[in-house]
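To start, the structure itself, in structure tokens.
The values are calculated or read from the model by the stated rules, or taken from the named source; none is laboratory data. Note that the structure is a prediction, hence the values are computed from the model and not measured. So basically every Cβ, Gly included, is an ideal-geometry build from the backbone, and we count neighbours across all protein chains shown. Remember, those area values only see protein heavy atoms, side chains included, never the ligands or the DNA or RNA. Shrake-Rupley method; radii C 1.70, N 1.55, O 1.52, S 1.80 Å.
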Amino acid sequence: MASQQILFSPAELAYLHRSLSLKPPIRPDGRAPTQFRPLTAETGILPGTNGSARVHFSDGTEAIVGVKAEIEKTIEAPRAEESKPESNEAASERTRGDWLELAVEIPGQRDDEASTVFLSEMLREALLADKEFAKKLFINRRFHWRLYLDVLLISPPLSYPLPLLSLTTHLALLATRLPRLKSEGDEDPMFDDDWEASTFLYPQEGTATNGSRPPITLLVVAIGDNVIFDPAKEELAVAETALAVSVAEVRRAQKAGDMEVDSKGRELSLLSIRTIDPPSRLTPPGVPHTSNTGSSAFAPTKLQKAGDQETEGVWKAPLGGTKFGVLDGIIQAVLEKGGVADEVLDGLEGVELS
Amino acid sequence: MPITVLQPQPAAKRQAAAMSVDSDSDSDSGGGAEVHGEDILTPGTVITSNSQWMRGHGTYVQPGETAITSSLAGTLTKTNKLLSVRPLRARYTPEIGDLVVGRIVEVQAKRWRVDVAASQLAILQISAINLPGGILRKRTETDELQIRSFFAEGDLVVAEVQQLHQDGAASLHTRSLKYGKLRNGVFVSVSGIGGGSGVVRAKRQVWTMDVANAGGKVDVLLGVNGYIWISKHIESDTNAEAVGINRMEESVSSKVYSSQNDPLELSTMREIARIRSVILALVENRLKVDEDMVTKGYSEAVELGRESPDDDLYLGGEKGQRLAAALTGH
């Protein structure tokens, strides 16, 4: 089979759309609108990598991510000749986004297929959006780390795998460790052989925790007035809008005088929003009882006028763009305190890093 | 709590040692004379070289040898002296008379190609369907030209396997009032699960059940191929069984090929979603899906739903395990 197209019958789509636009929506698997599928997560599964993670959704989809770091010589930009005193500004100028290489592999799909490339670009974009990430890869002016992120879906793509891949990438990056640098300045880098002494790419605790954390990308769909998280295949098929919303936590250094132990105070920053073309737009419309030529063998086969009036119970593909109110509602639902992104990050923090 | 993150569970506990078939063998063979109990066999694993065992499904004997070898990945079952391997995952193999739910994937000049979760697409000939109105006549070119008005790509049909071809492909027919296009419900696929889980052939694959919470009646259709359709029960005007083939044209409703859903009540839709999550929970916990299990599981799920204030429908994860434990009775 060349391309596995997800097929749905118009009657199914009409049923799903009706049940998902109710208030509250009835999802086909009975979840609450913001509920995720339960997932199993572990880190440090691949011994040969700098960091790795595996996430397994209860519906059987599973992904692993491996992070591998390599030292690479920085190609000098021509104007970097002037020897300025090393400042943070200069360092950020010299860091580049292409130090990160991200490859997504979906079984049964070519790696240069548009949808796979789009997926990997979405993940990459979220990672590089705050321009903090490449700074972490900076060693000195002559060398830098090159990070290879291999994202593998190991089950067939039962649903749009974006949330799964993003959560796995998040965990793998949290678990990524780089060897401790022993050399100083611009000399050839020397590293501590002891893996125990290695440092986390995203420091865990202590003073160095300020700065951004790895992002998560959530897939959100809107059906009617309902906002639904972590959609299954069936839900995506009737979605009027599908958005990939990337958020990351930003940690600020707590001032010494700030004694307020406010662990709940998580600051989220919105990194990117991408619209995903929902497959519902390409679905064929349903045929109402009245105009079905098949319902009577001798019915005149005259061309039915494409009636604009909607008949109850007949599927009609959604038309037009996303309304601003819907977009706003989705962003609110993601970003609000104690909202979904907050809860997801809470859940992922519970995963032991090894 | 919208998300639950669990720790990975260690693999299910196996029997400490592979059980020995009998105590006094082994001397003549350099290993492999033991029959592995709970272990998962892979294709090519020698199960036993002891000649007292007979080979069953999922095993073979190499020509010139006596050792019984597994040809599948699965667990071993022993029936008296018969050794067979139950596959972990298996594709549906069509058999004549099976009730299947299929999805049209291709429309050709005189026939449809239907996905029935088998290794090959099944064939539904235009001559093997009921014409609307139940008219009995030869299929003409006009019918062939408007073939998509009967079934189009993506449509779900319930049909019966009429014939098997040499290559294992199946031919279907829908020439009964019970068969045809599916409406007013949801689809769930549990195909590809071997080892006694998933849908098993049973006395009744279709039944109507009265659901709780004033949901009315719901039809459940378990296709032998693992495709399941759960829909609102629609009372037909005439009793399908009472109508002979001669009076078919009066009773075949003009709506058979329509894709318009009838008005559905919220309570019915909730209960349909509940039945769907019961089936998913059964499969997740590797239990078989049949009429008995689904009805029992459903009443259990209704009880479980009463525990939460807003009647939670979702049966994934821990709740599903509770459901499975209640059904298996330990």
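From the cross-link list B:Lys181/B:Lys255; A:Lys23/A:Lys323; B:Lys181/B:Lys232; B:Lys232/B:Lys296; A:Lys337/B:Lys319, which pairs have alpha carbons spaced over 21 Å apart? Kindly include the intermediate steps, with their values, before the conclusion.
Values: B:Lys181/B:Lys255 9 Å; A:Lys23/A:Lys323 19 Å; B:Lys181/B:Lys232 14 Å; B:Lys232/B:Lys296 19 Å; A:Lys337/B:Lys319 28 Å.
Distance filter (> 21 Å) returns A:Lys337/B:Lys319.
At 0.36 nm per residue, and after removing the present C-alpha to C-alpha distance, how many nm does the segment from B:Leu136 to B:Arg89 gain when stretched out fully? Walk me through the numbers on the way to the answer.
Working: separation 47, 0.36 × 47 = 16.92 nm, distance 4.24 nm.
Residue separation times 0.36 nm, minus the Cα-Cα distance, leaves 12.7 nm.
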message = For the range B:95-208, what does the relative contact order come out to in percent, with C-alpha contacts under 8 Å and a separation of six or more?
response = 29 percent
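Taking R0 as 41 Å, what FRET efficiency do you get between B:Ser51 and B:Ser119 from their Cβ-Cβ distance, rounded to the nearest 0.05? Mind dumping the intermediate values first?
Numbers: r = 34 Å, r/R0 = 0.82.
That pair, B:Ser51 with B:Ser119, gives E of 0.75.
Would you mind getting me the FRET efficiency between B:Ala109 and A:Ala114? Use the beta-carbon distance for r and R0 = 22 Å, nearest 0.05. Please report the intermediate quantities before stating the final value.
Working: r = 32 Å, r/R0 = 1.46.
It comes to 0.10.
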remark   = Placing each pseudo-label 7 Å from Cα in the direction of the beta carbon, B:Arg286 and A:Phe324 end up separated by a distance in nanometres of 5.5 nm
ask   = In the range B:308-330, which residues give up 40 Å² or more of accessible area once the other protein chains are added, compared with their chain alone (1.4 Å probe)?
value = B:Tyr314
query = At A:Asp98 and B:Gln163, where each label point lies 7 Å from the Cα along Cα→Cβ, what is the point-to-point distance in nanometres?
reply = 6.2 nm
message = Going by amide H atoms built from the backbone, whose H comes under 5 Å of the H on A:Ile154, apart from near neighbours?
response = A:Glu62, A:Ala63, A:Ile64
inquiry  = To check my understanding: the extent here is largest minus smallest coordinate of the Cα atoms along each principal axis. What are those three numbers for the range B:161-212, in Å, largest first?
reply    = 47, 33, 21
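What GluC sites (Glu not before Pro) in the range B:252-330 are in a loop by DSSP, with at most 11 other Cβ atoms within 10 Å of the Cβ?
Working: sites: B:Glu265, B:Glu271, B:Glu284, B:Glu291, B:Glu300, B:Glu303, B:Glu307, B:Glu318; in loops: B:Glu265.
Those that pass, being in a loop and sparsely packed, number zero.
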inquiry  = Going by Cα centres, the range B:265-330 and the range B:191-217 are how many Å apart?
reply    = 12 Å
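Work out the mean other chain Cβ neighbour count within 10 Å for the residues of A:31-37 and drop it here as an integer. Spell out each step's value before the answer.
Values: counts 8, 6, 1, 3, 7, 6, 5.
Mean shielding by partner chains, rounded to a whole number: 5.
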note = Inter-chain shielding metric for B:150-159, i.e. average beta-carbon neighbours from other chains within 10 angstrom, reads 4
ask   = Tell me, how many Å apart are the Cα centres for the range B:140-188 and for the range A:103-137?
value = 42 Å
inquiry  = How many Å² of accessible surface get buried when B and A come together, counting both sides, probe radius 1.4 Å, rounded to the nearest 100?
reply    = 4400 Å²
inquiry  = Given a 1.4 angstrom probe, I'd like the percentage of the accessible area of the range B:66-198 that is carbon and sulfur, rounded to a whole number.
reply    = 49 percent
note = Taking the square root of 5λ for each eigenvalue of the C-alpha gyration tensor of the range B:248-330, the equivalent ellipsoid has semi-axes, largest first and in whole angstrom, of 31, 17, 10
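If you filter the range A:135-211 for GluC sites (Glu not before Pro), then keep DSSP loop positions with at most 12 other Cβ within 10 Å, what is left? Working shown, then result.
Values: sites: A:Glu184, A:Glu187, A:Glu196, A:Glu205; in loops: A:Glu184, A:Glu187, A:Glu205.
Passing both the DSSP loop test and the Cβ count: A:Glu184, A:Glu187, A:Glu205.
Evaluate peptide A:334-345: per residue, the Cβ atoms of other protein chains within 10 Å of its Cβ; return the mean as an integer. Spell out each step's value before the answer.
Values: counts 0, 0, 0, 0, 0, 1, 2, 1, 1, 3, 3, 1.
For peptide A:334-345, the averaged partner shielding equals 1.
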Backbone N under 12 Å from the B:Glu144 label point (7 Å along Cα→Cβ), restricted to the range B:102-129 = B:108-111, B:126-127
Spin-label model distance (nm) - B:Tyr60 vs B:Thr79, 7 Å beyond Cα toward Cβ = 2.2 nm
task = Pairs of Cα atoms under 8 Å, at least six residues apart: use those to get the relative contact order of the range B:35-144, whole percent.
result = 17 percent
query = Beyond 22 Å, what share of the Cα-Cα pairs of the range B:79-190 remains, rounded to the nearest whole percent?
reply = 37 percent
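DSSP loop (so not H, G, I, E, B), at most 13 other Cβ within 10 Å: list which trypsin sites (Lys or Arg not before Pro) in the range B:115-144 pass both filters. Mind showing how you got there, number by number?
Working: sites: B:Arg137, B:Lys138, B:Arg139; in loops: B:Arg137, B:Lys138, B:Arg139.
Answer in residue order: B:Arg137, B:Lys138.
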